[in-house]
There are 2 protein chains.
Amino acid sequence: MAAERAEARRTTRQLALVLAAVQASGTEHPTAERVFARVRRDLPRISLGTVYRNLQRLVSDGRIGALAHLRDRSLRYDPTAPAHDHFVCEACGHIDDLPAGTPPGGLAAAEHAGHAVTSHALVLYGCCRTCRARA
Amino acid sequence: MAAERAEARRTTRQLALVLAAVQASGTEHPTAERVFARVRRDLPRISLGTVYRNLQRLVSDGRIGALAHLRDRSLRYDPTAPAHDHFVCEACGHIDDLPAGTPPGGLAAAEHAGHAVTSHALVLYGCCRTCRARA
DNA sequence: CTCGGTGCAAAGGGTTTGCATACAT
DNA sequence: ATGTATGCAAACCCTTTGCACCGAG
């Protein structure tokens, strides 16, 4: 499920720029399309396919994180690779990172059922600080 | 976010069978395709589009639940409408329901950041009881 | 009789893939 | 030189939609 073989992987301008775009995205959690738009400013001839391929590689190499469990089922990327939870504002769509701290709620129940839990994905929904102030 | 107007909704054989199929699915958490296959046994001429439309309606009417937070981004349906968490076995793919009990882990952090949390989705991943026994 | 639901088929969008070429090693 | 990564475009998958007909109320 992680990188298996370092293999003969080349360092291309495309890969570097895709990584840079995600790293520079802060808390935006960009979609592939958005990363594409950003990288395109420096490399106008890059293709969406290449962006997807590099994004995939960076994720499986553990260099960036992926967010694949949002309610709208969009696929987003995260400069922070280690697993952590997220808060999604239903008003503005902003996605905030949450510290990975506490263990997930259903853990005890799952283990009581005999399952071994190795990871989890948690998304909180609500109205963010900014939107609440605005209302 | 829920049903807004009862309106003039008709009870068709298709709707009833789609509901029945989900209700009979136990803990399978079927995809639309699977519901389609099942309903087709009784109504060979039903179309996938109709299944999707009825599934949508049943969800927004709160008669069944939807699971849109899986890592593989598949969309699944659940006879249990009230929100609850899930455990996914990475070995066999089985999805188990977890009691809705405890509040989610990052709650305190999110509220500390000034966000108002109204709901959440939690999916635990690991190896289920059965697969562990098998190994 | 009405108009909401259905079947069919085509459209959509987001992501992946095949292929010839370009380029990192 | 060697073979990986790229660009392009077509293919894919899953879900949604448009439209004419059907049938529940």
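Among B:ARG34, B:ARG41, which is the only one that is surrounded by fewer than 17 Cβ atoms within 10 Å (Cβ to Cβ) and of a type outside the set (Asp, Glu)?
B:ARG41
Are any residues in segment A:44-59 within 12 Å of the chain's Cα centre (by Cα) and either among the charged types (D, E, K, R) or buried (at least 17 other Cβ atoms within 10 Å of the Cβ) (or both), and if so, which ones?
Those that are within 12 Å of the chain's Cα centre (by Cα) and either among the charged types (D, E, K, R) or buried (at least 17 other Cβ atoms within 10 Å of the Cβ) (or both): A:LEU55, A:LEU58, A:VAL59.
With respect to B:ALA108, is the statement that it is part of a helix (DSSP H, G or I), at the interface with another protein chain (Cβ under 9 Å from one of its Cβ atoms) and free of Cβ contacts under 8 Å to residues at least 12 places away in the same chain true?
Yes: the conditions hold for B:ALA108.
Please work out which residue is surrounded by the most Cβ atoms within 10 Å (Cβ to Cβ), limiting yourself to segment A:60-93 and to residues that are hydroxyl-bearing (Ser, Thr, Tyr) and away from DNA strand D (no atom under 14 Å from the Cβ).
Restricting to residues being hydroxyl-bearing (Ser, Thr, Tyr) and away from DNA strand D (no atom under 14 Å from the Cβ), the top hit is A:TYR77.
Regarding segment A:4-22, can at least one residue be identified that is modelled with pLDDT of 95 or more, under 27 Å from B:HIS115 (Cα atoms) and either among the aromatic types (Phe, Trp, Tyr) or more than 10 Å from DNA strand D (Cβ to nearest atom) (or both)?
Scanning segment A:4-22 turns up at least one residue that is modelled with pLDDT of 95 or more, under 27 Å from B:HIS115 (Cα atoms) and either among the aromatic types (Phe, Trp, Tyr) or more than 10 Å from DNA strand D (Cβ to nearest atom) (or both).
The values are calculated or read from the model by the stated rules, or taken from the named source; none is laboratory data. What you see is a predicted model; the values in this text were computed from it and never measured. Heads up, the Cβs are rebuilt from the backbone with ideal geometry, glycines too, and the neighbour counts pull from every protein chain shown.
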